[in-house]
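Worksheet: one structure, shown below.
The values are calculated or read from the model by the stated rules, or taken from the named source; none is laboratory data. Since this is a predicted model, take the numbers as computed values, not measurements. Reconstructed Cβ throughout: ideal geometry from the backbone, glycine too, with neighbour counts over all protein chains shown. The protein model used for the area step is the full one, side chains on, heavy atoms only, and it has no ligands, DNA or RNA in it. Shrake-Rupley method; radii C 1.70, N 1.55, O 1.52, S 1.80 Å.
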Amino acid sequence: MLEVRNLSVNYYVDEGTVNAVAGVTFNLKEGEILGILGESGSGKSTLGFALLRLVDRPGEIVSGEIILNGLDILLMPERELRRVRGAQIAMVFQDPFTALNPVLTIGEQIMEPIVLHQGVKRGEARAKAAEALRAVKIDPARIDDYPHQFSGGMRQRVVIAMALACRPKILIADEPTTALDVTIQAEILALLREIKNQFNLSIIYITHNFGIIRQLCDRVVVMHRGAIVEEGKTHLVFDQPKEPYTKKLVDCLRELG
Ligand SMILES: Nc1ncnc2c1ncn2[C@@H]1O[C@H](COP(=O)(O)OP(=O)(O)O)[C@@H](O)[C@H]1O
Ligand SMILES: [Mg+2]
């Protein structure tokens, strides 16, 4: 359903050119959770941003195709692109503290993309926001509360509700549980699995943690220095890693127990 071909992204910095994503090719199948695994600095976040053409200076997408429903995201006019962002592909970022605006209620923040993309009246948008809260298991009675009234894990649920609000087909989650403690992390992973089924989502889950990939993902691509070094069904890659780099990541996890 999403096909990425030969995607490359550079950052042009004083020290020279960083080839953060280096000719990456993979696809996301309908209904699957695809993991993108790699150490810090391997280009995972840059890849996630590039999928929505959200790379800014000093970065630039220098080549590739990102085909969604037969159309190349990289060739779309701005207007069409805005319809893709949020409405077809939504993104959840690592830090639930900076992703929310502290001076707006959570309801206002969930309603914003709904009003923007669907052009519905506020009353209807509010009803949809309440529905999104219910989907992430937050009591809709809290719709007028502010972010500071929620814990870290609950805030990440709010961020997921925002992402779900326009009923996207694809969710990109970039280390959404890294800032959370382990119990809360497990709850968020369970929630993602549930909403995937409920909303017929396909998910790209970005993380440096092979443990999470094993719990959550059907398939994994392993990134190293901007390139994909290995990919396959999660259990196969975990049990019989082909590349030394992947083997190292597996050994790391085994040592942690
Ligand atoms: N805004 C930026 N400006 C310059 N270099 C960047 C920027 N963002 C990321 N990079 C570089 O691109 C590479 C990949 O980074 P990133 O995509 O954040 O990796 P990951 O998410 O896997 O940690 C790193 O070498 C990083 O230093
Ligand atoms: Mg990152």
Computed label-point distance, nm, for sites Lys247 and Leu75 using a 7 Å Cα→Cβ extension: 4.2
Solvent-accessible area of Ile228 with every protein chain in place, 1.4 Å probe, in Å² to the nearest 10: 50
From phi via Karplus (6.51, -1.76, 1.60), per-residue ³J(HN,Hα) for the range 83-88 in Hz, x at Gly/Pro: 6, 6, 5, x, 6, 10
Fluctuation leader among Glu39, Glu112, Glu243 - the chain, Gaussian network, Cα springs under 10 angstrom: Glu243
Placed amide H near Val24: partners under 5 Å, 5+ positions off or other chain: Asn6, Leu7, Ser8
Residue-level accessible surface for Asp174, protein heavy atoms, 1.4 Å, Å²: 10
Close Lys-Lys pairs in the range 143-257, where close means Cα under 19 Å and separation is 8 or more or interchain: 5
Fluctuation leader among Thr246, Thr25, Thr98 - the chain, Gaussian network, Cα springs under 10 angstrom: Thr98
Most fluctuating residue given options Leu201, Leu236, Leu133, as computed from a GNM of the chain linking Cα atoms under 10 Å: Leu236
Ratio of the Cα radius of gyration of the chain to 2.2 N^0.38 Å, where N counts its residues: 1.01
Most to least packed among 58-65, 206-213 [average Cβ atoms within 10 Å]: 206-213, 58-65
Accessible area in the full protein assembly, largest first, 1.4 Å probe, for Lys248, Lys121: Lys121, Lys248
Per principal axis, descending, Cα span of the range 130-248 in whole Å: 51, 28, 23
Interchain or long-range residues, amide H under 5 Å from His224's placed H: Val229
Stretch gain in nm, segment Val182-Arg214, where the contour uses 0.36 nm per residue and the Cα spacing is subtracted: 10.0 nm
Dipole axis of the chain (+1 Lys, Arg; -1 Asp, Glu on Cβ), positive-most option in Leu253, Gly211, Ser42: Gly211
